[in-house]
1. May I ask you to verify whether Leu64 is modelled with pLDDT under 80 and buried (at least 17 other Cβ atoms within 10 Å of the Cβ)?
2. Out of the range 1-18, which residues are among the hydroxyl-bearing types (Ser, Thr, Tyr) and under 14 Å from the mean Cα position of the chain (by Cα)?
3. Would you please name the residue that is farthest from Asp9 (Cα to Cα), looking only at residues in the range 42-69 that are among the aliphatic types (A, V, I, L, M) and touching a strand residue (DSSP E or B) at 6+ places or on another chain (Cβ under 7 Å)?
4. Quick one: which of Arg71, Arg90, Arg57, Arg76 is loosely packed, with under 13 Cβ neighbours inside 10 Å, basic (Lys, Arg) and either at pLDDT 80 or above or closer than 24 Å to Asp122 by Cβ (or both)?
5. Can you pull out every residue in the range 113-126 that is at pLDDT 85 or above and either of a type in the set (Val, Ile, Thr) or under 12 Å from the mean Cα position of the chain (by Cα) (or both)?
Amino acid sequence: MTHKILCVDDNENMLKLYSLLLSDIGDVDCAPTIEVALHKIRGQEYDLVITDYTFGRIARGLDLLEALQGREQPYRLMFSSDPSPEELNRTVQELGGLGCVEKLQCNNLAHIVREVLAQGKDSPLLQMYLRERYSGSNGDSKK
């Protein structure tokens, strides 16, 4: 079975990188805006949506997660260019997402995506990453 992955980012270079890294896992579709992503999701079923957190001054990746809230599929991962606080990770999960992963520190993107598609939200690799990343004892994210 070929997986369908939608990558949403306003940075064209990131979309190219996602396509390159994930093309051996499934069919990668890209959207440069949340509006384009929502249009694509209405006309196509995806197994996984990977979205950036920041889209200029107006839109946020959380807006996309809110629009998808309550849907069983697709799985959703949030990527942030900046170190993300534990609160953002919690918000992503409350909106039905799997968690928030830092773009520049996620050397295992393809492995995490492959495992999420095979095992869903209980992916051990994703859970390990999130535990290590958000294990601050006082609620602050680990640096």
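The values are calculated or read from the model by the stated rules, or taken from the named source; none is laboratory data. Note that the structure is predicted; figures quoted are calculated from it, not measured. Reconstructed Cβ throughout: ideal geometry from the backbone, glycine too, with neighbour counts over all protein chains shown.
1. Details: modelled with pLDDT under 80: no; buried (at least 17 other Cβ atoms within 10 Å of the Cβ): yes.
No.
2. Initially, the range 1-18 is screened for residues among the hydroxyl-bearing types (Ser, Thr, Tyr), giving 2, 18.
Tyr18, the sole residue that qualifies.
3. Quick first cut of the range 42-69, residues among the aliphatic types (A, V, I, L, M) only: 48-50, 58-59, 62, 64-65, 67-68.
Filter once more, so that each one left must be touching a strand residue (DSSP E or B) at 6+ places or on another chain (Cβ under 7 Å): 48-50, 64-65, 68.
Details: Leu48: 14, Val49: 11, Ile50: 8, Leu64: 11, Leu65: 14, Leu68: 16 Å.
Per the stated criteria, the residue is Leu68.
4. Numbers: Arg90 fails: loosely packed, with under 13 Cβ neighbours inside 10 Å; Arg57 fails: either at pLDDT 80 or above or closer than 24 Å to Asp122 by Cβ (or both); Arg76 fails: loosely packed, with under 13 Cβ neighbours inside 10 Å.
Sole residue among the options that is loosely packed, with under 13 Cβ neighbours inside 10 Å, basic (Lys, Arg) and either at pLDDT 80 or above or closer than 24 Å to Asp122 by Cβ (or both): Arg71.
5. Matches in the range 113-126: Val113, Val116.
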